[in-house]
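> Structure below; questions to follow.
The values are calculated or read from the model by the stated rules, or taken from the named source; none is laboratory data. From a predicted model like this one, the values you see are computed outputs, not experimental measurements. Cβ: placed from backbone, ideal geometry, glycine included. Neighbour counts: every protein chain shown.
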Amino acid sequence: MTARALNILFLLLLPFLMIGIINRVKALAGGRKGFPILQPFIDTLKLLRKGAVVSRVTSWVFAVAPAIALAATVTALLIAPGVGRTQVIAFDGDIVLCLYLLGLAKFFQLLSALDTGSSFEGMGASREALFSVVVEPALFLFAGTLALASGHASFGELFTLSGGSAWPTVAASAGTIMLFLTLLTEGCRIPVDDPNTHLELTMIHEVMILDNSGPDLAFLQYAAALKMYLFAALIAALILPADIPVLHAAFALPIIALLCAVAAGLVESLLARFRMSHVPQFLFLAVALALITLASAVYFRGGAA
Amino acid sequence: MILTLFLIGIAILFIGSALQAALPRSVRIPLFTVAAIIGLLFTGFASVQALLNVPTAITFGCPFPLGSVTLELDPLSAFFALTISLGGIAGSLYGAGYLSGYPERSLRGHLFALALFLISMLLVVTVRAVLPFLFVWELMSLSSLVLVFFDRQREEVRDATVNYFIAMHVAFALILTGFLLLMTRSGSGDFASFAAAMQDPAFAETALLILFAGFAIKAGFIPFHSWLPKAHPAAPSHVSGLMSGVMIKTGIYGILRFTLIVGVPTTRLAVIVLMVAVVSAVVGVLYAIAQHDLKRLLAYSSIENIGIIGIGIGLSMIGMRIGNGPLILLGMTGALIHLINHSLFKGLLFYGAGALYRATHTRDIEKLGGLIGKMPATALLFIVGSVAIAGLPPLNGFISEFVLYLSMLYGAPLAAGGYGALVVLTAGALALTGILALYCFTKACGIVFLGSPRSDATDTARDPDRAMIAGMALLAVAAVAIGLYPAPLFSVAASVAALYPFPGDAAAQAAPVVTTLGSVSRALLFFVLFFAFLYYIRHRLLAKSGGIATAATWGCGYRHGTARMQYTGSSYASPLMALAGQLLGLSVHREAPQGLFPARTAFHSHPHDLVDSYLIAPGAKFIRYLFSLFRWVQSGDMAQYILYGILFLAAALVWIMGGTA
Amino acid sequence: MVFRLLKARWRHGSQAVPDPIAAQVDPMFRGFPDIAKEGTLSSETVALCPGAALSVNPVAIDLGKCHLCGACSRAANSPIRLSSRHHLGQTKRDALIVTAGTSFEQYHARAEKGRAEIRRLFGRSLRLRSVSAAGCSACEMELNATTNANFDMLRYGIDIVASPRHADAVIVTGPVSANMADALEDTWSATPSPKLLILMGACAISGGLFAASPALDRRFLSDHTPDIYIPGCPPHPLTVVNAILNYLGRGI
């Protein structure tokens, strides 16, 4: 019960905290002060109190998309494993609902971008759609592999790696790298997308929200941060030991999330965004890692039935 | 009793369609629609009853050569009959509206053919012997040919009809061959006797492969699909919806029925089915993304969904070979749920495309845009259909994909050795299909309905009349209902899947899944309520703060932007086409800007169906060449023809006399 | 490659100005003009001013037109001395006129803070959308410098954004030519309310050197009242940062 309450508390606080940490790491790497760590919270409070400007070309799709995206992402996070791998909503096959809810959010964000009739937004939408095409199958392959190895079908149990052989180490290593790549992709960070560019031709996620303002913008920014946090939570679920006490897990989860943020900040400081044609090649790495995990699952269960 | 109701429904359909031919034009459509809906309500009701308690078969005599014909409504037949009935009701309602747009046509033949089409499909899924089956199968093909041939003044339609005719008869030949092979072992044309073929698995495998190839042509699996993207766009929209939504499912019925009767002789057969299905799903949706003709896009999307249904069937067949309970039950159940779901949302989408064609007289999405303002009801219904076909919660498409994923999550750990890996890879393929479908339908909705109009084709667009909207709305409501409350459909489909050989107690395997679906529904209910809450908060916040101002779309201060500068459908698809274009035979025609002050440039891209270009077209050319070698026979000279007659008589005389001698 | 980057970072150290509000600029900086109470300007000296900012009886400099070039201070018998005080921002146009005997403290006290609701809303988070309206790019470069590692106004929650829909204030640089008039209008209507209008540089405030040009179209500025005026040519980044912070109630 407390674990579930903590999950909800963390999903309210940690996403923006992660963004704050990423910005702080980038600032430190650049020898400057940068935004205060709590800036994303302050920005959101301001945006909620601002008015909106809506394009005359848009329709109800543009108006409802931010609310749908945020509602779907929050519901997905309630399903995702949190403290000690407990979930607020859990059932067999919940991983499918979680990832498909993220898909629903993406569907409406893509439509909202096309609704503005702007050529930049259409461009951002098509690129964002392409990146999902490479990343989603990798995630499902990974989930299927975990089911194959563990015999379970619910998120928390799937991500509990057990077994005496090298399987947990292989799965955790490959999985962490793959989930970190997905974090960078779904969180729209370098080297997949540049969150600080002002040149529309180089934007992907940013350009899709170019026309949103006020509370809509706040919803979309929170949804993007939530997605990043979800993958950090999955990394935590994967690498923490199976029998970790709830108290330790309650500290470990935020620490791991913030470590992921630091790692993302370092990646953003040390790399530039890849050329557009190289990004899918980079993302195929995620698929390759999923396939490696599958191969090792088959290899290591050779002993079992 | 149940079967009597079923036959009454068929009779009402038939009588209604025969009657409308005799009555004046003004009553034809309403009479037919009422008769069709009532008749299909009878058959639908009978099917539902049959699913709850299986009725006994009835047999009645027919003129030579059919002899005595047995009709049976076991759960499998009833499920398909229900799908056909539901699809038919929506289709008739929509068709009533659509056909009223053709006041100059007499429609006698068309409506009669439509009734025969529905009746023959209902009979295909209920007859139980070779000759009656082939008879109603052919009736179905011929009546659909008449329906496709509606707009015969267009060359595209004539070509598509011929192509379809040939494809259907190749299918017929393969099915006939398969039946004949099975009959050599069974000794009779009665389907139930085909089980004897299992005594020789290698033989059964060959016979079933040939039989399934025939059904695969009907269903539209790749590489047997090339007729589909030609015929479905060429047909009028109410027919496209019925063909895509209902007719191709009869191909699936064939595969399922004979898997039930004969069984799965070898694991190799099951793996072949799975592989063909995976290829159909992934390649189908890739082709769909490349299209700029909306109905062709929907046709390829049907191929993709047939692939998904095939994935469920393939997994189930593999399960039957390796004794894997979850794969058998949940794979089959997922396939069946997807079958009925697809007929609902694909019908909805085709009917939407028809409304668009009626309003704008073009199927080319690159000429459309911004129609959500002029056709709000169509736009809303089409968006609902798109969310459903992309398999997204909270609509019905998600439920069938969820059940398929469950079969894989439960089945993988129980599958020994390489089969476990195969199941996981299939999960990856299904995920790839799902995300590509999302890409495809954001393109379709976004380019057609959102943004600004790209040409003046949209100037006079408005929503279609009430009958058409009603047909679409019916399907949309069903999609939402199944998405939020899937348990009844799941239980029905599971009871059909339980017909297949299952190790242990099928009901015990299915019951926990019903509970899981309940949890899914609760999570989705939370999502819907939370969305409403967030939207309400947004509304209140904006009312309190600066309010909503309107302005032009932000274009960096550039005031001379035009609607042509928007992203087009091919632009939206281009990042993916850059990766997959080779596979799709994408031909690109580029006219580069010339000179110092270039005035004009052009770009055009078009996908070519590779199976069609490299397999079918050369094959057809070769056959035409062979026949051209005999063109000298048709000289046009009457004297020569009389000579042929005399030669034939002489040869016949010699043969007869030689025989008696 | 990573090691080279980390080594470079180590050598550079942190280059942020520790406190931009209290920071002093180099004494060479030409800032606030101290005008002696006695003394007058000859007509040649008045004609020297590129922005026609000088007037006599009493001797006064209109900082809205002043390019801080110092020519007037170098003329013979000039009562004008340019100090290096750089907190020059104001909230009213006429507050920019410095008459003889006005001390810097008196001048600075004229700068008002924004309304209470504006300060509550934007006090810790302000996003600017820059419109470069046919200027020479000097102001744009200094505006860019406000977000660099030295001046770093991000630490106060102020940043420049990619779209006016995301912005809270439009900051105009350049004299606003006819070609940019529509773009400026569109940017302003694309910004959601509540919003601020900031004019940066002599050209934006008064047309500057180009005030007499027929190529200008400054009707937008007569229809909308700016909230902050930042004089200079170009204004020092610290002037910009402090003008905004002062408006938000966070300055000295």
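> Can you find a residue in region C:61-68 that is surrounded by fewer than 17 Cβ atoms within 10 Å (Cβ to Cβ) and out of contact with any Gly (no Cβ under 7 Å at 6 or more places or on another chain)?
No: zero hits.
> So for region A:8-26 (the condition being crowded, with 23+ Cβ neighbours inside 10 Å and either within 30 Å of B:GLY370 (Cβ to Cβ) or β-branched (Val, Ile, Thr) (or both)), does at least one residue qualify?
yes
> Follow-up. Only one residue in C:ASP19, C:ASP34, C:ASP26 is outside any helix (DSSP H, G or I) and within 14 Å of chain A (Cβ to nearest Cβ). Which one?
Among C:ASP19, C:ASP34, C:ASP26, only C:ASP19 is outside any helix (DSSP H, G or I) and within 14 Å of chain A (Cβ to nearest Cβ).
> In region B:281-293, is there at least one residue being assigned to a helix (DSSP H, G or I) and within 30 Å of B:GLY189 (Cβ to Cβ)? Show your work before the answer.
Step one: of region B:281-293, the residues assigned to a helix (DSSP H, G or I) are B:281-290.
Add one more test, that the residue is within 30 Å of B:GLY189 (Cβ to Cβ), and what stays is none.
No, region B:281-293 has no match at all.
> B:VAL162 - would you say it is under 25 Å from B:THR70 (Cβ atoms) and of a type in the set (Val, Ile, Thr)?
Judged against the criteria, B:VAL162 is not a match.
> Can you find a residue that is part of a loop (DSSP other than H, G, I, E, B), at the interface with chain A (Cβ under 7 Å from one of its Cβ atoms), closer than 30 Å to C:MET180 by Cβ and not small (Gly, Ala, Ser) anywhere in region B:557-578?
yes
> Kindly evaluate B:ALA481 against the criterion of being modelled with pLDDT under 90, surrounded by fewer than 21 Cβ atoms within 10 Å (Cβ to Cβ) and in a helix (DSSP H, G or I).
Details: modelled with pLDDT under 90: no; surrounded by fewer than 21 Cβ atoms within 10 Å (Cβ to Cβ): yes; in a helix (DSSP H, G or I): yes.
Considered against the rule, which asks whether it is modelled with pLDDT under 90, surrounded by fewer than 21 Cβ atoms within 10 Å (Cβ to Cβ) and in a helix (DSSP H, G or I), B:ALA481 comes out as no.
> Using the structure shown, decide if A:VAL207 is on the phi < 0 side of the Ramachandran plot, among the aliphatic types (A, V, I, L, M) and within 14 Å of chain C (Cβ to nearest Cβ).
So A:VAL207 fits the description; yes.
> I'd like the residue in region A:155-202 that is more than 20 Å from A:LEU141 (Cα to Cα) and among the aliphatic types (A, V, I, L, M) and, out of all such residues, is surrounded by the most Cβ atoms within 10 Å (Cβ to Cβ).
A:VAL192
> Pick from region C:157-170 the residues that are under 18 Å from the mean Cα position of the chain (by Cα) and over 19 Å from A:LEU199 (Cβ atoms): which of them is nearest to the other protein chains (Cβ to nearest Cβ)?
Taking the candidates together, the pick is C:ASP168.
> Then there's this: Kindly indicate the residue of region C:167-191 that is more than 14 Å from C:SER132 (Cβ to Cβ) and hydrophobic (A, V, I, L, M, F, W, C) and also surrounded by the fewest Cβ atoms within 10 Å (Cβ to Cβ) among those meeting that condition.
Top of the filtered list is C:ALA178.
The rows are residues; the columns are (1) more than 8 Å from every other protein chain (Cβ to nearest Cβ); (2) touching a Pro at 6+ places or on another chain (Cβ under 8 Å); (3) surrounded by fewer than 24 Cβ atoms within 10 Å (Cβ to Cβ); (4) touching a residue at least 12 places away in the same chain (Cβ under 8 Å).
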site: A:LEU101; (1), (2), (3), (4): no, yes, no, yes
site: A:LEU104; (1), (2), (3), (4): no, yes, no, yes
site: A:LEU110; (1), (2), (3), (4): no, no, no, yes
site: A:SER119; (1), (2), (3), (4): no, no, yes, no
site: A:ALA129; (1), (2), (3), (4): no, yes, no, yes
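> Filter the helices (runs of 4 or more DSSP H) completely within region A:1-108 down to those with at least 3 residues that are closer than 29 Å to B:ILE399 by Cα.
Numbers: elements: A:2-29, A:39-48, A:60-79.
In region A:1-108, the matching helices (runs of 4 or more DSSP H) lie at A:2-29, A:60-79.
> Can you tell me which of B:ILE447, B:ILE469 is facing chain A (nearest Cβ under 10 Å) and more than 16 Å from A:GLY93 (Cα to Cα)? Walk me through it before giving the result.
Values: B:ILE469 fails: facing chain A (nearest Cβ under 10 Å).
Result of the check over B:ILE447, B:ILE469: B:ILE447.
> Could you run through region C:75-86 and say how many residues are part of a loop (DSSP other than H, G, I, E, B) and closer than 17 Å to C:ALA202 by Cβ?
Qualifying residue count for the region: 1.
> I'd like to verify a number: residues in region C:27-73 that are over 28 Å from C:LEU199 (Cα atoms) and under 25 Å from the mean Cα position of the chain (by Cα), how many?
Going through region C:27-73 one residue at a time, the tally reaches 1.
> With respect to the numbered conditions (1) under 30 Å from A:ARG32 (Cα atoms); (2) more than 13 Å from chain B (Cβ to nearest Cβ), which one is the sole condition not fulfilled by C:PRO175?
Among (1) under 30 Å from A:ARG32 (Cα atoms); (2) more than 13 Å from chain B (Cβ to nearest Cβ), C:PRO175 violates only (1).
> Could you please let me know if B:GLY547 is touching a Gly at 6+ places or on another chain (Cβ under 6 Å) and either modelled with pLDDT of 95 or more or within 9 Å of chain A (Cβ to nearest Cβ) (or both)?
yes
> May I ask you to list the residues in region A:62-72 that are closer than 19 Å to B:THR442 by Cα and touching a helix residue (DSSP H, G or I) at 6+ places or on another chain (Cβ under 6 Å)?
Listed by number, the residues that qualify are A:PHE62, A:ALA65, A:PRO66, A:ALA67, A:ILE68, A:ALA69, A:LEU70, A:ALA72.
> Report whether or not B:GLY619 is part of a loop (DSSP other than H, G, I, E, B) and farther than 14 Å from B:GLN291 by Cβ. Walk me through it before giving the result.
Working: part of a loop (DSSP other than H, G, I, E, B): no; farther than 14 Å from B:GLN291 by Cβ: yes.
The answer is no for B:GLY619.
> Within region A:71-111, track down each residue that is at positive phi and in contact with a Phe, Trp or Tyr (Cβ under 9 Å, 6 or more places away or on another chain).
Across region A:71-111, the qualifying residues are A:ARG85, A:GLY93.
> Tell me, please, whether a residue that is in contact with a Ser or Thr (Cβ under 8 Å, 6 or more places away or on another chain), modelled with pLDDT of 90 or more, surrounded by fewer than 21 Cβ atoms within 10 Å (Cβ to Cβ) and away from every other protein chain (no Cβ under 11 Å) can be found in region A:231-243.
yes
> Determine which member of the set C:ARG9, C:ARG110, C:ARG85, C:ARG119 is surrounded by 13 or more Cβ atoms within 10 Å (Cβ to Cβ), within 14 Å of another protein chain (Cβ to nearest Cβ), in contact with a helix residue (DSSP H, G or I) (Cβ under 7 Å, 6 or more places away or on another chain) and among the charged types (D, E, K, R). Lay out the reasoning, then the answer.
Values: C:ARG110 fails: within 14 Å of another protein chain (Cβ to nearest Cβ); C:ARG85 fails: within 14 Å of another protein chain (Cβ to nearest Cβ); C:ARG119 fails: in contact with a helix residue (DSSP H, G or I) (Cβ under 7 Å, 6 or more places away or on another chain).
None of the others qualify; the one that does is C:ARG9.
> Give the residues of region B:262-288 that are surrounded by fewer than 23 Cβ atoms within 10 Å (Cβ to Cβ) and of a type in the set (S, T, N, Q), sorted by residue number.
B:THR266, B:THR267 - these are the residues of region B:262-288 that are surrounded by fewer than 23 Cβ atoms within 10 Å (Cβ to Cβ) and of a type in the set (S, T, N, Q).
> Okay, next question. For region B:366-383, which residues satisfy the criterion of being within 12 Å of chain A (Cβ to nearest Cβ), assigned to a helix (DSSP H, G or I) and not basic (Lys, Arg)? Give the steps one after another, and end with the answer.
Our first condition is that a residue be within 12 Å of chain A (Cβ to nearest Cβ); within region B:366-383, this holds for B:369-376, B:379-380, B:382-383.
Filter once more, keeping what is assigned to a helix (DSSP H, G or I): B:371-374, B:376, B:379-380, B:382-383.
Listed by number, the residues that qualify are B:LEU371, B:ILE372, B:GLY373, B:PRO376, B:ALA379, B:LEU380, B:PHE382, B:ILE383.
> Hey, which of the helices (runs of 4 or more DSSP H) in region B:162-271, taking only ones fully inside, have at least 1 residues that are farther than 30 Å from B:ALA467 by Cβ?
Result: B:201-219, B:248-262.
> Does A:SER59 satisfy the criteria of being in contact (Cβ under 8 Å) with a residue 60 or more places away in the chain, facing chain B (nearest Cβ under 7 Å) and of a type in the set (Ser, Thr, Tyr)? If you could, list the steps in order and put the result at the bottom.
On the way: in contact (Cβ under 8 Å) with a residue 60 or more places away in the chain: no; facing chain B (nearest Cβ under 7 Å): yes; of a type in the set (Ser, Thr, Tyr): yes.
It is false that A:SER59 is in contact (Cβ under 8 Å) with a residue 60 or more places away in the chain, facing chain B (nearest Cβ under 7 Å) and of a type in the set (Ser, Thr, Tyr).
> Further, regarding this structure: Which pairs turn up if I take residues in region B:289-307 that are surrounded by fewer than 24 Cβ atoms within 10 Å (Cβ to Cβ) and look for partners that are of a type in the set (Ser, Thr, Tyr) with beta carbon separation below 7 Å, at least 6 apart in sequence or on another chain?
Qualifying pairs under 7 Å: B:HIS292/B:SER570; B:LYS295/B:SER240.
> Could you please give the count of residues in region A:80-99 that are surrounded by fewer than 24 Cβ atoms within 10 Å (Cβ to Cβ), among the aliphatic types (A, V, I, L, M) and touching a residue at least 40 places away in the same chain (Cβ under 8 Å)?
Selection size over region A:80-99: 3.
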